[in-house]
2 protein chains.
Amino acid sequence: MARLENLNLSQQVTNELGKAIIVGDYNTETGLPTEAQLCEVYGISRTAVREAVKMLAAKGLISSRPRQGIRVEPADNWNLYDTSVLKWLLESSPSLYVLKEFLQVRLAIEPQAAALAARKGDQAAIAEIKMALDKMQAAADEPEGVMHEPDLAFHTAILHASGNRFFYQLRDFIRTALHVSIQHTTPAKGNKQAIAEEHFKVYNAIVSGDPERAKNMMTYMIDEAMAFIEKEIADKEAAAQ
Amino acid sequence: MARLENLNLSQQVTNELGKAIIVGDYNTETGLPTEAQLCEVYGISRTAVREAVKMLAAKGLISSRPRQGIRVEPADNWNLYDTSVLKWLLESSPSLYVLKEFLQVRLAIEPQAAALAARKGDQAAIAEIKMALDKMQAAADEPEGVMHEPDLAFHTAILHASGNRFFYQLRDFIRTALHVSIQHTTPAKGNKQAIAEEHFKVYNAIVSGDPERAKNMMTYMIDEAMAFIEKEIADKEAAAQ
DNA sequence: CTCACCTAATTTATAATATAATATTTTTAA
DNA sequence: TTAAAAATATTATATTATAAATTAGGTGAG
């Protein structure tokens, strides 16, 4: 077992089993080994195994009942918005296709969040957006990668400014999506100045209280990334033939 | 403790503690009692308490470390898309305001899902939508409440037809939102025939492969519910003064 | 007196073992 | 052949013990 320091035993086991389930080593057909077997495999006590099982059950990956053992739940029931589950999924799937799904969700959420921020975002929240934007603009002349963190902060700040807990809750999801996204898109689009400019337009629409424009600008930005990814997928599929 | 049959001990404790945290009985300042104290309070073993703690930790509500005890995480970290957490939240908050937040999320997700379904929904998935729609139309002449279940099925089927796992994952969230929503709106709008008609228009746009229209029709439908809720909130606030 | 180090105390983390509950399978008896 | 009963396997719960981690307090060197 990969001994990740900093994580306790049951968390480590949770990680191992979680990944194994998502990668398909265990599935709804096979189920998981019994608690006793898991103890042997990992060389740990039942206490630790059971705690891992409970955590995975809380994330919707498994369920366990007396005599029946530990079952793997259908993938439809997995809590994909759980940060760990998301991480395991990304480690196991070809990221281009997952990335497209990510972008579809961003295309739904972020323009709406930007519109809400423009309509009723409070001063402090909008100032947060501005701060992230400033850092982005400052990073435009810096080396590759410096703009990454303020970029994430910008999008997170908008979710926060939407004033809707459910949007803000998706910040880790969006951060992950953006992180993967940037790895794919940045090499191609070298013009960091242009990126900062686009972000500025979104901010400008928000600060001047124009929901429609904020929504449209955000849609435009994400749509650009989507077009890029779709092209990349098309190229890849053409190359495969 | 409310002895919900059908749930095991640690699940019951998870429920109790989860509700108590969300309602504010325990907060980031106070933290939770120690494991030992919880054992006494509930009259159960440490095993059960610890399993509950692990489940709540997996849902982002708490974290626990040696010597520090069990801490309540800031509300921003709670996994609101977890069905249990959502349920606890609804039981503790005035539902009108939560409902508005629900509708804002639906307004982001569902039109986009409908558009995707129109663009690339496969036969089987679209047939599912049709089936739900037929049941809705059949229920239009039935007594109050009969239309409820097919209505939920209709919206779920569209999420499914979007072909995006992350959208479909939100089905429980949307179901909850719709469930709460219907309780507020149905009494006012008696015309079930009109509701079925609107749903038909969404379906029609999807089956004829018109993403834009599918999106617009869905937006229109949810927007209507939003207008209703906003009016209700306004009335309530006026009455309170 | 101050600071680094050591010690003690508290709480969760892990382990080990025992018993209960539950659901499946096998056996038994009508 | 079928229905009831017994055996069995597995998780659920309880109990006890020990380890590890973190905080607080004390102690001694400088």
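The values are calculated or read from the model by the stated rules, or taken from the named source; none is laboratory data. Please read these numbers as outputs of a predicted model, since none were measured by experiment. Cβ: placed from backbone, ideal geometry, glycine included. Neighbour counts: every protein chain shown. With ligands, DNA and RNA removed, areas are computed over all heavy atoms of the protein, side chains included. Shrake-Rupley method; radii C 1.70, N 1.55, O 1.52, S 1.80 Å.
Structural remarks
- Where a residue in the range A:201-214 is within 14 Å of residue A:129 (Cα to Cα) and assigned by TED's automatic domain parsing to the domain that holds residue A:111 and its partner, wherever it lies, is charged (D, E, K, R) and at pLDDT 95 or above, with Cβ under 6 Å and at least six apart: A:205/A:213
- Residue in the range B:44-60 that is more than 20 Å from residue B:89 (Cβ to Cβ), near DNA strand D (Cβ under 10 Å from one of its atoms) and away from chain A (no Cβ under 13 Å) present: yes
- Filter result for residue A:153 (under 30 Å from residue A:85 (Cα atoms), assigned to a helix (DSSP H, G or I) and without any contact (Cβ under 8 Å) to a residue 12 or more places away in the chain): no
- Subset of the range A:149-175 [away from chain B (no Cβ under 13 Å) and either under 15 Å from the mean Cα position of the chain (by Cα) or open to solvent by 40 Å² or more (accessible area, probe 1.4 Å) (or both)]: A:149, A:151, A:152, A:153, A:155, A:175
One line per residue, one yes/no per condition, for (1) hydroxyl-bearing (Ser, Thr, Tyr); (2) buried (at least 18 other Cβ atoms within 10 Å of the Cβ); (3) out of contact with any Gly (no Cβ under 9 Å at 6 or more places or on another chain); (4) closer than 22 Å to residue A:11 by Cα:
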position: B:63; (1), (2), (3), (4): yes, no, yes, yes
position: B:74; (1), (2), (3), (4): no, no, yes, yes
position: B:82; (1), (2), (3), (4): no, yes, no, yes
position: B:88; (1), (2), (3), (4): no, yes, no, no
position: B:96; (1), (2), (3), (4): no, no, yes, no
position: B:109; (1), (2), (3), (4): no, yes, yes, no
position: B:115; (1), (2), (3), (4): no, yes, yes, no
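- The range A:6-26, residues that are open to solvent by 60 Å² or more (accessible area, probe 1.4 Å), away from DNA strand D (no atom under 14 Å from the Cβ) and of a type outside the set (Val, Ile, Thr): A:19, A:25
- Considering the conditions (1) part of a helix (DSSP H, G or I); (2) farther than 23 Å from residue A:86 by Cβ, residue A:179 is excluded by exactly one of them, (2).
- Of the helices (runs of 4 or more DSSP H) contained entirely in the range A:1-74, those carrying at least 3 residues that are away from DNA strand C (no atom under 13 Å from the Cβ) fall at A:9-23, A:46-58.
- Across the range A:27-44, the number of residues qualifying as surrounded by 13 or more Cβ atoms within 10 Å (Cβ to Cβ) and of a type in the set (D, E, K, R) comes to 1.
- Of everything listed in (1) within 14 Å of chain A (Cβ to nearest Cβ); (2) under 22 Å from the mean Cα position of the chain (by Cα), the single unmet condition for residue B:211 is (2).
- Filtered by the rule that a residue be in a helix (DSSP H, G or I) and open to solvent by 10 Å² or more (accessible area, probe 1.4 Å), the range B:130-148 gives B:130, B:131, B:134, B:135, B:137, B:138, B:148.
- Just one residue in the set A:115, A:139 is aliphatic (A, V, I, L, M) and away from chain B (no Cβ under 11 Å); that residue is A:139.
- Scanning the range B:188-221 for residues that are at pLDDT below 95 and of a type in the set (Val, Ile, Thr) gives a single hit, B:195.
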